[in-house]
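A quick write-up on the structure given underneath.
What follows is calculated from the coordinates using simple rules that are stated; it is not laboratory data. This structure is a prediction, so every number in the text was calculated from the model and none was measured. Cβ coordinates were reconstructed from backbone atoms using ideal geometry, including for glycine residues, and neighbour counts include every protein chain displayed.
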Amino acid sequence: MAIGNGSSNGNGHRPKIAERVAAVGDKTRSSQAWNSIFRPGSIYRKGYTDSPRNRSYVIMNNVLYHLHPVKVKRHAVKVSYTLCLGGLSFFLFILLTVTGIFLMFFYRPTVTDAYANVQNLETAVAFGSLVRNMHRWAAHLMVLSVFLHMARVFYHGAYKSPREFNWVIGIILLTLTLLLSFTGYLLPWDQLSLWAVTVGTNMMGYTPVFGNSVNYVLLGSRTISGETLLRWYVLHVLMLPFVIVIFMAVHFWRVRKDGGISGPL
Amino acid sequence: MPEVPEHLLKRSRERRKALGLPVEGDDGETESTPDAPAADAGAVEPVEEVAAAASDAGESITEDKGGVPAHLLERSRKRKAALAGGGGDAAPAAAGGGGATRTATAVAAPAPTTTGPGGHTQRLLTVVKSGSIQQTRAEAQDKVHVWPHLLVLEFASILSLMAFITVFSALVKAPLLGLADVNSTPNPSKAPWYFLGLQELLKMFNPAVAGVLIPGIALGLLAITPYIDKNPSHKPSDRKFAITMMTMFLMMWAVLVIIGCFFRGPGFNFVFPWDKQGIFFEL
């Protein structure tokens, strides 16, 4: 409003900087580009007011509508009910994907390169050490949070009808989480990873009848070798994430279809 | 005029023929008009007369019965009497006068004339009580908007977790031991922490039992828990058995994992973590 008034009002009033900034902000938020990005009801749109109708629009006109309904039961927003464990497991998965992609830029899954690449990451890459640490600790935390999420769901009896099948999917997700963590364990190719994986896979080798075949399929050779490293790398960065994303999609969808979060007790 | 399917028109023609009513479009004409005024007016009138006679003879219905309004029952009774008396040999309504309400309403009036006895253009097939076909389950629920109540909470918890992980990662380094060497086995060799419970079992059982059978059965039992536990209650006080079993199950793993992590030293022998040798554990 203030722009353009300066010369016309005779006494030489010039718009202040704050007024100019406000005017630019106003113009931006009424532009076509801005309105094409933020759908009606977005809190960033011009003229957003806090009304029940707009609160509904915020969700309905948002990609989050795939995860959340417009309204939830009141007890569902109590932290003490869910402890946020399921949601935080999902967040940890996203964090692990982001940090994992970063790590992939500096890593080759071969016997000669793997360890050197990790050392290089620790010493020469900007933020390499921090990101590797985050990936490691987030992975351990995810195993823990998925496990605790399962315990929470059990103690609330949330696996009961109609949510039986979603519990089964949850157990599959727990197993996939363990496998993701375990396959990642080998990749640094140091003494810790080699022998931890040796102990782990030896156990699977004792499967009755086809123990040897199981071991061979998992390791790609009789003992842990470069073949194993490549195989577990592909499992870790591609196949298991792909599978777990599909199961997660079904898991989240079923949460909503089965009537949202369970309870109250 | 709405399009009437061919097979229905055909059925209608046959029925009319059987009842001796005039049939339009008899000779191959497919388009039949439901409102053929002249023919129908002639056909309906005699029936109406008979109905009036019949209602004089029989007593008329004035009370509601089984939720069906009296005037409908009355109309149905008249119609049936008319058909029974009117000599329609194919009329199924011969089954008694008043009858049960069900038959009274469900009996199909045979002649597909365009107007009914009272000049009505529709007829009642059956009366279904609303309770049996629709249930209203609108229990009021105490709900809150996801925005802002839930999203703000989620955002806050994600931020705190992110902050925690960033600070922790900046302070604590992830372990990286020496280059993998197949020829030097560290003592002890430990699996990742979440498998240390299994490694602990390996001390007690044959490897096939400890490494495959027990975890397999445990996961399988866990997966079918909802189908084993038939108790519909969510209240902890009603679920003492289930809660006890699960707590024991979880505690068993927790204890095994903790022993495996902190109480196992060289040769996977029992040590105390506060011994001089220290803790043999890497995350």
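List of remarks:
- Angstrom value of the Kirkwood radius, inverse mean 1/r, which spans all Cα pairs in the range B:198-283: 15.3
- Under 14 Å from the B:V127 label point (7 Å along Cα→beta-carbon), backbone N, the range B:67-87: B:67-77
- In this structure, the amide hydrogen of B:R123, modeled 1.01 Å from its nitrogen in the peptide plane, lies closer than 5 angstrom to no residue at least 5 positions away or on a different chain.
- Taking the longest Cα principal axis of chain A as reference, the axis of helix A:128-155 is set at about 90 degrees.
- Positive minus negative residues near A:R74 (Lys, Arg vs Asp, Glu; Cβ under 12 Å): +3
- Taking amide hydrogens as placed 1.01 Å from N in the peptide plane, the amide H of A:D190 sits under 5 Å from those of B:A180, each at least 5 positions away in sequence or on another chain.
- The phi-based Karplus calculation (6.51 cos²θ - 1.76 cosθ + 1.60; θ = phi - 60°) puts the 3J(HN,Hα) values of the range A:45-56 at 6, 5, x, 5, 10, 7, 9, x, 5, 5, 4, 5 Hz, whole numbers, x for Gly and Pro.
- On Cα atoms only, tilt of A:114-123 relative to the major axis of chain A in degrees: 40
- Per residue of peptide B:154-161, the mean number of Cβ atoms on other chains within 10 Å of the residue Cβ is 5.
- Cα-based shape type of the range B:141-255, given that a ≥ b ≥ c are square roots of the gyration tensor eigenvalues and the cut on a/c is 1.5: oblate
- In order along the range A:31-39, the phi-based Karplus estimate (6.51 cos²θ - 1.76 cosθ + 1.60, θ = phi - 60°) of 3J(HN,Hα) comes to 6, 5, 4, 4, 6, 7, 7, 9, 6 Hz; Gly and Pro are listed as x.
- Peptide B:191-199 - average C-beta neighbours from other chains (10 Å radius): 6
- Charging the Cβ of each Asp and Glu at -1 and of each Lys and Arg at +1, and nothing else, the dipole of the range B:178-283 about its Cα centre rounds to 320 debye.
- Trypsin sites (Lys or Arg not before Pro) restricted to the range B:235-283 and DSSP loop, no more than 15 other C-beta within 10 Å: B:K276
- Anchor B:K10: lysines whose Cα lies under 28 Å away (excluding residues fewer than 8 positions away in-chain): B:K80
- Annotation: lysines with alpha-carbon distance below 19 angstrom to B:K203 (same-chain offsets under eight excluded): B:K190.
- Counting Cβ atoms of other protein chains within 10 Å of each Cβ in A:239-248 and taking the mean gives 0.
- Kirkwood Rh, Cα atoms: Rg over Rh of the range A:78-257: 1.01
- The GNM of chain A, with springs linking C-alpha atoms under 10 angstrom apart, assigns the highest mean-square fluctuation among A:A196, A:A33, A:A139 to A:A33.
- Close amide H partners of A:K71, meaning residues 5 or more places away or on another chain with modelled amide H under 5 Å apart, are B:V146.
- Simple label model, 7 Å out from Cα along Cβ direction - B:K230 to B:A163, nm: 5.1
- Of A:V63, A:V24, A:V111, the one that fluctuates the most in a GNM where chain A has Cα springs shorter than 10 Å: A:V24
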